[in-house]
Every structure is written in C-alpha cells, then in structure tokens.
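Below you'll find the structure, written out as structure tokens, and then a few comments.
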Amino acid sequence: MGSMGFDLHVHTTASDGKLRAEEVIQLAIDLGLEGLAITDHDTINAINPALHFISRRRISLELVPGIELNTEAGDNEIHILGYYLDHNNKSLLLKLRELKESRDERAFKIVSRLEEIGLPLDLERVKEHAQGEVVGRPHIADAMIEEGYVRTREEAFEKYLDHGRPAYVSRYKFPPREAIELIKGCGGLAVLAHPGLIDDPTVVAEVIAMGVDGLEVYYPQHSDEQTSYYRLLAEEKGLLITGGSDFHGPNEGNKLGTVRIDRSLITAMQKRLPSR
Ligand code: AMP
Ligand code: ZN
Ligand code: FE
Ligand code: FE
C-alpha cells in the first residue's frame, strides 16, 4: 500500500452518500489521497460535476470515473463496479434512467409495506432525502430516523429493510451479466464489489465466469483471510485487484481513505482498458 494511494469506492449525494462530489473531493485532498473513484449506485450524475470542480480549481487529485450497479442473482445481492466507463454513453444513460424509474416504484412499495405495519412515511420526504436523485433504501431509513422509528440506517436495515425483514421488497430484475455487459459496452472495466459479503462462494465463481475484469480485494469489512483469499483468486484468474472504503459520509460507517490502493494497481487497470 502506498502512503497516499487511491480510494476506489466512494458514494456522493447523487446516490446515498451524504456529501456532494465537491465536498468528497475536498475531503480526499485534506486526507492526502492521490486519487479516488466516485462509484454511486446506478448513477453517473456526480462525475461531470466532479470533473468540472477539479479542472476549475486546478486540483491535482486524480478522478477515476465509476459506478456501482446493484444487481441480483437469485437471493444474492451482487454489486458490480464499473471504472473508466464512458459516462456520456447514450445507451448507458438510457439504462440508468430505466433503473431510476424502477427504484422509484420500489420505494413506493416499501413505503406502502411500512404503512401496513404501522410505520407511515411521507414518500415525498423520502424523495427529499434522495435530493431528487437515485432513491435507495438508505433514504427510506433517513425518513424513518426522522420519524423516530429507528436511530440509525443500520437499525432500519436490520429491523425492516434487509432481505427477510418485514418491509423488504425485491429488486427489479437486473442480472449481473447485464451489468457487466453494459459497463464493458461503454469501454469500462467491470469489477465484482466486496465479494466477501456474498454468502455463497458458488455465486462468486459464477460472476467471475461472466467475465469481470477484477475483484474488489481490499474492503473494510473483509477479514485478513478473505483479503488473502481473494487476492490469490484474482492472481490465479488473471484479474485486476481493486479496493475502496465504500465511503457514504463522515458519520456513516467506513471513513474515506481507510482503504488506499497503490498507483501500480491503477496502472494495471489502465493497461487493461480496451483501446477506444
Ligand atoms: P438499495 O440501493 O436501495 O438496494 O440499498 C442498498 C444500499 O444500502 C447498499 O448499497 C448500501 O449502501 C446500503 N446498505 C445496505 N445494507 C446496509 C446496512 N445494514 N446499514 C446501512 N446501509 C446499508
Ligand atoms: Zn450505498
Ligand atoms: Fe456495494
Ligand atoms: Fe458502495
């Protein structure tokens, strides 16, 4: 690990992060990071503002354009990270609009479910927490906190929103294979996010066989054993090794820069990019 390093897994207010792209970049500079990837759930809306902010202020921080696509395979939630994708690609933007609409429908269903179990919420308030962008369960959690139903996002997930809990609503069908193809189709690299959070090892093998370019080996919730295991697996399969903090905000779990990967891994990613 380098001393400055790159954090390749960061959320902003474009999805369920608490800081705007500009604020995240300022924080990254303050923490001495060399670079970061903004990887919002199902949206690239923070990428252009981030690039403009960096060029306007002549900031030397290196921004890797990214995304985290939330997919589902059977009962498993699979997150596919995309790096260096053309974030202005028309078919990408079309698909993201579709995903946004199905997220709106899902939020409506979850709010109805909560109402049925005696926890009414104002859907408009949920949307306000999402700031007009991609709505996720964390925004529903925020509205629940405001009503005093729970104290934290974690508690909201554990009691109500997680798979198997009373207000869980399954996701629209977006299989990992499609996410991988979408990312590669716009010139990006597809990386399996936090494989250690997937309970079933055969699912990990299946997703690798779908043609991902890399594995997110370094992740705060990975044990040392998981980290070594996935590093070895990546080497065996000729896959890229990435890592990131999954930062969502100063008071939301993992801190920015808790995972810092070396520039040599960034160079390896760039070498693997298809020539445009
Ligand atoms: P959604 O995008 O609506 O499916 O919500 C999934 C997102 O919620 C994940 O990508 C995380 O950012 C967040 N999340 C998942 N589990 C938890 C948890 N236990 N506590 C807080 N946030 C969570
Ligand atoms: Zn998130
Ligand atoms: Fe994730
Ligand atoms: Fe994430």
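The values are calculated or read from the model by the stated rules, or taken from the named source; none is laboratory data. None of these values were measured; they are calculated from a predicted model. Backbone-built Cβ (ideal geometry, glycine too); neighbour counts: all protein chains shown. Side chains included, ligands, DNA and RNA excluded: accessible areas come from the protein's heavy atoms. Shrake-Rupley method; radii C 1.70, N 1.55, O 1.52, S 1.80 Å.
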Notebook entry, point to check: Out of all the residues in the range 33-81, which are open to solvent by 30 Å² or more (accessible area, probe 1.4 Å) and either in a loop (DSSP other than H, G, I, E, B) or within 13 Å of ligand 3 (Cβ to nearest atom) (or both)?
Noted result: GLU34, ASN45, ARG57, ARG58, ILE59, SER60, GLY74, ASP75, ASN76, GLU77
Margin query: Scan the range 92-112 and tell me whether some residue there is in contact with a Pro (Cβ under 9 Å, 6 or more places away or on another chain) and part of a helix (DSSP H, G or I).
Written below: yes
Check: Looking at this structure, is ARG56 free of Cβ contacts under 8 Å to residues at least 12 places away in the same chain and of a type in the set (D, E, K, R)?
Finding: yes
Notebook entry, point to check: Is there a residue in the range 74-88 that is over 20 Å from ILE261 (Cα atoms), within 15 Å of ligand 4 (Cβ to nearest atom), at pLDDT below 95 and out of contact with any Pro (no Cβ under 9 Å at 6 or more places or on another chain)?
Noted result: yes
Item checked: Given (1) assigned to a loop (DSSP other than H, G, I, E, B); (2) away from ligand 4 (no atom under 16 Å from the Cβ); (3) within 17 Å of the chain's Cα centre (by Cα), index of the condition GLU178 fails -> (1)
Notebook entry, point to check: Does at least one position in the range 241-248 carry a residue that is of a type in the set (A, V, I, L, M) and free of Cβ contacts under 8 Å to residues at least 60 places away in the same chain?
Noted result: yes
Notebook entry, point to check: Do we have any residue at all in the range 171-180 that's over 12 Å from THR71 (Cβ atoms), of a type in the set (Gly, Ala, Ser) and open to solvent by less than 70 Å² (accessible area, probe 1.4 Å)?
Noted result: no
Check: How many of the residues making up the range 126-151 are in a loop (DSSP other than H, G, I, E, B), within 16 Å of ligand 2 (Cβ to nearest atom) and surrounded by 15 or more Cβ atoms within 10 Å (Cβ to Cβ)?
Finding: 5
